[in-house]
Each structure stands twice: as C-alpha cells, then as structure tokens.
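Here, each number is a calculation from the coordinates, and none is a lab measurement. Please read these numbers as outputs of a predicted model, since none were measured by experiment. We place every Cβ from the backbone using ideal geometry, glycine too, and count neighbours over all the protein chains shown.
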C-alpha cells in the first residue's frame with residue numbers, strides 16, 4: 001500500500017500464520033535461549049505448562065504478515081520504534097495467528113518529504129485470544 005492509501009481508523013487484517021514447535025525452538029536457540037522457549041520437557045513442568053514462543057518471535061510474525069499485506073511496494077523505509085509492546089498470552093506450537101492493524105494517525109513531516117504512520121498491531125490466536133499488542137510508527141519516503 002502507498003502512504004496515501006492509509007487513513008485514521010482504517011483496519012488492515014493479515015494472516016493466518018501457523019507456528020511450529022521447530023520454529024519456536026530454532027528462533028529461541030538463536031535469539032532468546034531461555035529454557036521455556038528451548039526445552040520442551042522443562043517447559044512442560046514450568047508455569048506455562050509447555051513450550052512457548054519468544055515474544056520477540058511473535059513481533060516478527062506480526063511484522064512479516066503486515067510487511068506482506070500492507071508495506072510491500074510502499075514507500076516505507078524505516079521505523080523510529082514502538083510506543084509500547086505487550087505480550088498478553090503465550091504463543092504455543094501449532095497456534096494459528098492473524099494480525100489486525102488499526103491506523104491511529106497519518107501525517108506529513110513538516111521538515112522533510114516524509115509520511116508518518118502510527119498504527120496499533122494486535123495479534124490473535126485461533127481461539128480469538130489476543131497474544132500481542134503494540135503501537136508502531138512507520139516512516140514513508142514521499143516525493144518533494
């Protein structure tokens with residue numbers, strides 16, 4: 001989508017994406033090697049009652065879904081960061097996830113030919129439970 005196609009109140013949905021146990025193990029081994037992400041036997045005895053995905057992996061899944069649905073072919077070139085990120089429920093092997101993004105604000109920067117998009121991303125599992133909530137800002141290069 002081009003920057004001009006985004007508007008406040010707009011809702012963009014993407015997915016589904018099903019995560020496997022092997023994907024959870026591989027990501028965690030490389031990037032978040034905590035026992036409840038990397039050791040299924042120990043995780044089964046832990047407070048979550050089983051293996052769970054890293055919150056950072058869930059952010060990556062949301063990013064992938066929205067990059068494919070809304071940012072591919074756009075003028076998007078960077079993000080200055082997130083206002084907040086919340087991991088509300090664990091993501092487990094074989095969960096099927098979908099993202100709902102709600103546009104909060106679009107505006108043009110005053111000093112540069114740049115568009116600024118603020119949007120809220122919510123990731124839900126197959127039961128409709130919200131597993132991720134974040135607010136992101138995306139920057140778009142615009143013509144002078």
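Quickly work out the residue 120-to-residue 107 label distance, labels modelled 7 Å from Cα along the C-beta direction, and quote it in nm with one decimal.
1.8 nm
Please work out which option in [x] -0.83, -1.21; [y] -0.89, -1.38; [z] -0.94, -1.17 gives log10 I(q)/I(0) by the Debye sum over Cα atoms at q = 0.16, 0.21 Å⁻¹ calculated from these coordinates, and answer with its label.
Answer by label: [x].
Given contacts defined as C-alpha pairs under 8 Å and at least six residues apart, what's the relative contact order of the chain, whole-number percent?
Relative contact order, the chain: 29 percent.
Sort 60-69, 7-16 by the packing proxy (mean of other Cβ within 10 Å over each peptide's residues), most packed first.
Put in order of decreasing packing, that is 60-69, 7-16.
Hey, what angle do you get for helix 55-66 against the long axis of the chain, alpha-carbon based, 0 to 90 degrees rounded to 10?
40 degrees
Can you give the relative contact order of the range 5-89 as a percent, counting alpha carbon pairs under 8 Å and 6+ residues apart?
That works out to 23 percent.
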